[in-house]
Amino acid sequence: MDTKTIYREEYIKRLNLYKDKNIIKVLTGIRRSGKSTILKQFMDELIKSGVSKKNIIFINFEDNSNKELLDYQKLHDYIIDNTNSRKRNYIFLDEIQNVPNFQKCVDSLFLKDYLDIYMTGSNSYMLSGELATYLTGRYIQIHILPLSFKEYLSYYGKEDELKKYNEYALYGGFPYLINLESEEEKTQYLDSIYNTVIIKDVINRKKINDPLILESICRFLFDNIGSNISSKKISDTLASNGRKNSVHTIEEYLNALIESYILYKVNRFDIKGKQLLKTQEKYYLSDLGLRTYLLGKNYSRDLGHILENIIFLELKRRNYRIYVGKNDTNEVDFVVETNDDYIYIQVALSVRDEATLSRELKPLQTIPDHYRKYLITLDYDTNNYNGIKQISALDFLTRKM
């Protein structure tokens, strides 16, 4: 049976924007977020535009049939030997981090003006260290996330959006899930993603000695998305449960989870002083299906923070710089920095209760400047409270506003 896929239009547009530019295109993101499929969809676009298949090379470094090419010099020679210097050639290197010293190969290939290079990787480590040294100013990062809610609806249809939102929030947006129907199949697939990422991108690469501590940290973070968290708080919580560990170790494990794109850390921002703060960051998940897998289907808990996580991911898809806002004693869920201004966003499940509405508006009302302010809720209501616009989360997620 053919695998069903969703056309990832926004990412294909970005790749087309940089096509044939003298810059390496690096697609990053958690495993199974769709990076390989996006490359193949882009390759199809190239072929439709007239590019010959002879001038396209695609190598997946997780395919054992390509094991000989895990040697960077052999990889380099293979590409040179199989490309035509009189034609434009498109080189796609999938999961390139599996090639030791790959940056030496890529750096040399970049010198060939007839090669247009695209790479994918499943951890941010590949964009640090030597790669950054070798390729500074010569690559553009395109960060890939699992399906947006708008993409999800493009497959499942737009009828009964709220019901589909609840399903999306429960199982997440990993693209292959559209091929699975039963709850058991979906849970098993999420299990395979979680364990592959944890083992390949965290435990093995970081040589972590205590996987149980790592899982305890994951459980704590997955259960506290959108909450102010410090390494000491995690350490104290684990110690109270009989799993004592140093703050230094906790920070190492946290960094490993961030580098593998399981989690995103969002720093706090002083709204009055317009400067970053160094404490009490928040963490958001790359996909909420992983939360369901690890914590179970106790979906009635923390729906507000689940919505907040989904809004965060949508803001990230739009390539904004995102912070948690602090304004004296008040906290704003998101401060979004654009090229020339800021946007302040408060997220709430519902504000039809007057006390809840008052509580959610207060942090925005106390901001003295005149940048845009939004209250995003799952209510269908839209209102304007002295310049603070209340908008529907479903409209925001489907790009209706």
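The values are calculated or read from the model by the stated rules, or taken from the named source; none is laboratory data. Because the structure is a prediction, the values reported are computed rather than measured. Here the Cβ is made from the backbone with ideal geometry for all residues, glycine too, and neighbour counts use every protein chain on show.
A search for C-beta distances below 8 Å between a residue of segment 262-278 that is touching a residue at least 60 places away in the same chain (Cβ under 8 Å) and any residue that is buried (at least 16 other Cβ atoms within 10 Å of the Cβ) and part of a loop (DSSP other than H, G, I, E, B), counting only pairs 6+ apart in sequence or on different chains, returns Ile262/Ile30; Ile262/Ser286; Ile271/Ile367.
Every test in (1) under 22 Å from the mean Cα position of the chain (by Cα); (2) among the basic types (Lys, Arg); (3) on the phi > 0 side of the Ramachandran plot is passed by Lys265 save one, and that test is (3). It is to be established whether one or more residues within segment 188-195 are more than 30 Å from Ser231 (Cβ to Cβ) and not in a helix (DSSP H, G or I). No: segment 188-195 contains no residue that is more than 30 Å from Ser231 (Cβ to Cβ) and not in a helix (DSSP H, G or I). Condition first: surrounded by 17 or more Cβ atoms within 10 Å (Cβ to Cβ) and assigned to a strand (DSSP E or B). Can you find one or more residues in segment 93-111 that meet it? Yes, segment 93-111 contains a residue that is surrounded by 17 or more Cβ atoms within 10 Å (Cβ to Cβ) and assigned to a strand (DSSP E or B). Of the residues making up segment 188-210, not a single one is within 26 Å of Asp302 (Cβ to Cβ), charged (D, E, K, R) and without any contact (Cβ under 8 Å) to a residue 40 or more places away in the chain. Got at least one residue in segment 328-344 being of a type outside the set (Val, Ile, Thr) and over 25 Å from Leu276 (Cβ atoms)? Within segment 328-344, not a single residue is of a type outside the set (Val, Ile, Thr) and over 25 Å from Leu276 (Cβ atoms). Being in contact with a strand residue (DSSP E or B) (Cβ under 9 Å, 6 or more places away or on another chain) and under 18 Å from Lys35 (Cα atoms) is the filter; apply it to segment 136-177 and report the residue that is surrounded by the most Cβ atoms within 10 Å (Cβ to Cβ). For segment 136-177, the residue satisfying everything is Gly172.
Taking the listed residues Lys67, Lys74, Lys87, Lys104, the one that is of a type in the set (Lys, Arg), touching a Lys or Arg at 6+ places or on another chain (Cβ under 9 Å) and over 24 Å from Tyr11 (Cα atoms) is Lys87, with no other qualifying. Would you check which residues across segment 373-400 are in a loop (DSSP other than H, G, I, E, B), surrounded by 18 or more Cβ atoms within 10 Å (Cβ to Cβ) and either of a type in the set (Ser, Thr, Tyr) or at pLDDT below 95 (or both) and list them? Scanning segment 373-400 gives a single hit, Thr398.
If I filter segment 26-39 for residues that are assigned to a helix (DSSP H, G or I), hydroxyl-bearing (Ser, Thr, Tyr) and surrounded by fewer than 12 Cβ atoms within 10 Å (Cβ to Cβ), do I get at least one hit? Looking for residues that are assigned to a helix (DSSP H, G or I), hydroxyl-bearing (Ser, Thr, Tyr) and surrounded by fewer than 12 Cβ atoms within 10 Å (Cβ to Cβ), one finds none in segment 26-39, hence no. Residues of segment 62-92 being crowded, with 19+ Cβ neighbours inside 10 Å and among the hydrophobic types (A, V, I, L, M, F, W, C), which ones? Across segment 62-92, the qualifying residues are Leu69, Leu75, Ile79, Ile91, Phe92.
Among the listed residues Asn241, Asn224, Asn245, identify the single one that is over 23 Å from His143 (Cβ atoms), under 20 Å from the mean Cα position of the chain (by Cα) and not assigned by TED's automatic domain parsing to the domain that holds Asn123. Spell out how you get there, then give the answer.
On the way: Asn241 fails: under 20 Å from the mean Cα position of the chain (by Cα); Asn245 fails: under 20 Å from the mean Cα position of the chain (by Cα).
Unique residue meeting the criteria: Asn224.
Selection within segment 210-265: residues that are among the aromatic types (Phe, Trp, Tyr) and part of a helix (DSSP H, G or I). The member of this set that is surrounded by the most Cβ atoms within 10 Å (Cβ to Cβ) is Tyr253.
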